[in-house]
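In what follows, a single structure is set out as structure tokens and then discussed.
Just so it is clear, none of the values below were taken in a lab; they were calculated from the coordinates. Only a predicted model underlies this, so the values are computations on that prediction, with no experimental measurement involved. Because the Cβ atoms are built from the backbone with ideal geometry, glycine has one as well, and the counts that use them run over all protein chains shown.
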Amino acid sequence: MNFSSEQSLADIGRALTGASFVIGVFICINLFILYRVIVQALRKERSLVVSAKNRLLLGVAVVIYGALIYVLHESYKWLKYEFVDLQAVSTQMSIVYWLSIGLIGLYILYYTLTLFYKKEGQEQFLLMIISGAVSGLSNTFVIYIINQSLNTKDNFTNGLFYAFLIGLVVHIIAERYIRTRIAVITNRVVYEKRVKLIDKTLQIPFERMERFEKGKISACLNNDTEKISEGMHLAVTGATNLITLFFCLIYLGMLSFWGLVLSLGVVVVTILINLFVAGEATRLYEETRDIQNKFFGFINDMLAGFKELKLNRARKLAFQQNFEEACSDYRKKGTKVDLKFANAFIMEDMILLSVVGFVAFLFPLIFKMQGELLYNYVFIFLYMIGPVTYLLHSFPQIMQIQVSWKRINSLMEEVAELEKEDRISVEPSPEKKVILTLKGVQFQYKGTSGEDFSVGPIDYEFKAGEITFITGGNGSGKSTFAKLVTGLYPADRGETLINGVSKTPEQIQEYYSAIFSDFYLFDRLYGIDIDGREQEIQSLLELLRIQDKVTIKDGEFSTTKLSTGQKKRLALLVSYLEDRPICLFDEWAADQDPEYRKFFYYNLLPMLRDEGKCVIAITHDDQYFHKADHLIKMEQGQFVENKDI
């Protein structure tokens, strides 16, 4: 084939130069990632894994590598033989050939190292980078072929149509691979963040959690993690558009150096405009997130205090006003952010369209561009507007994702500070009968508004097979004592012993089954093995007189939409099934009808005592005090009276 035309040879030379540059960039990326893998292996951050599967995959990779080298070599020989006129650019062809072999070899080396030296959560990032680059390159190649086809005739015989199909197929395959991998990685990252935050939250001591702002956790788990997951589409499409833009700029440089300079200038200016706007917008968005924390707090207050709001019109209106003010602040700041970016987008569109007009009208006069070259330049620049616009319009989302990511990490650090320094592995108590001894136990409660309340010092012994009632007026410290004795509040002084052995708060908690006055009923039996206990459960449902209200299937309640008294009975069922040696009930009978209240004191509590349980009940029902073995009266956090009955 004859390529004697100087213009044709120049075009081929530019294409080969561009290919050499692109392959060189890939080689540099490969070398950098390869260096990181080797360093990680030397630092023992990667573990050696040798298996039959790994050996098989390596064998397949070597075969593919050999096949690719053979195809490259034969193609190179064929080109030099068939297109003799290409000898003028043979050096450039050789450079492309050897660079291609080097790139494939480096990737096989990377693949081999990551195949045998694995790291937890590792991904084939290099393959993803290459796939993204191939996706962007093939996208640009398709546009190049379309551009060429508009300037030539008989596109079926000259091979342009088939080149178009090849570029399209390559683009689809690469795009599908990278989208699939990014989907997996993004959802894994969101999952890991959520699980880690849940784990750290569950490790917070109870008394610290009481004072923690719950809205932060709700906003983080509900909003911020979802915002990060939305970044999947943004990351994939943004990367493809960025790479497409990169190769379009290379193509423009091959057409016109000054055209490339102008295009780069436009891209830089539009990016600087967005960066300037993003700086101010990020601050405003941070403020909207602070308001969002309050918003979730208002939601929790509205749902938890709904009956209190319904009972007091003035309270409801004042609460509604504060809630609406928070919503209004969120709306105002959100509008400011959107308006800032809207103004930036309008300016950017004006710049981009003005450049097209500048090229079309002034370039022919300044640079003496020919019609075909000018047409090609305008065509490519118009195509570039799409990727540029997408990237610029991604700034608000990137900013939001960045803020959400910072919020998650900040909350993780804040929650971590609330954790105990050492996590203690605690197993459920194997002991069925216990003696609980309090020696000088004291707790100082520090209120959020500065008031303090002290419980103790308390010296007392609770025994298995005995019922102890604790009574006292409101504010006497009964509920605080209940949280102290169960280990939810750590003692500031003194010690708690089980069967003569001193225990930590975490260990104490494993001995208790408790129903507090503000108890929460889960919709399933967590941590309770009920296999083979179906008859026992049915008997308990009948004993608690809720067999016609609730059933249990696969550890899940059929419903929890019950009256408060019925919910307490269901909670008592859970307490029975937990089978812990110490049972604590805080005003359990307060919401029961008179008949079942009597049944609780005359039948249920004695049944637990006969099973060897240590029963502690906080109660005001003085008509049933005679059913206890011991009666304790509390005043101002002290045991002021103790009777054996």
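Counting only lysines at least 8 places from Lys316 when in the same chain, those with an alpha carbon closer than 29 Å to its own are Lys214, Lys216, Lys294, Lys307, Lys332, Lys333, Lys561, Lys567, Lys568.
Spin-label model, Asp644 to Glu287: label points 7 Å out along the Cα-to-beta-carbon direction sit 6.9 nm apart.
Ranking of His630, His393 by neighbouring Cβ atoms within 10 Å, starting from the fewest: His393, His630. For a straight C-alpha distance cut-off of 20 angstrom, the lysines reachable from Lys44 (same-chain residues fewer than eight places away being disregarded) are Lys118, Lys119. In whole angstrom, the range 435-644 maps to an equivalent ellipsoid with semi-axes of 29, 19, 17, each derived as √(5λ) from the alpha carbon gyration tensor and ordered largest first. Sorting 594-607, 47-60, 573-586 by average packing, meaning the other beta carbons within 10 Å per residue, from highest down gives 573-586, 594-607, 47-60. Computed from the C-beta positions of Phe625 and Asp459 and an R0 of 30 Å, the FRET efficiency is 0.85 to the nearest 0.05. Given a Förster distance of 30 angstrom, what is the FRET efficiency for Leu168 paired with Ile385, based on the Cβ-Cβ distance and rounded to 0.05? The pair Leu168/Ile385 has a calculated efficiency of 0.90. Restricting attention to the range 567-645, close to 55% of DSSP beta bridges with both partner residues there are antiparallel.
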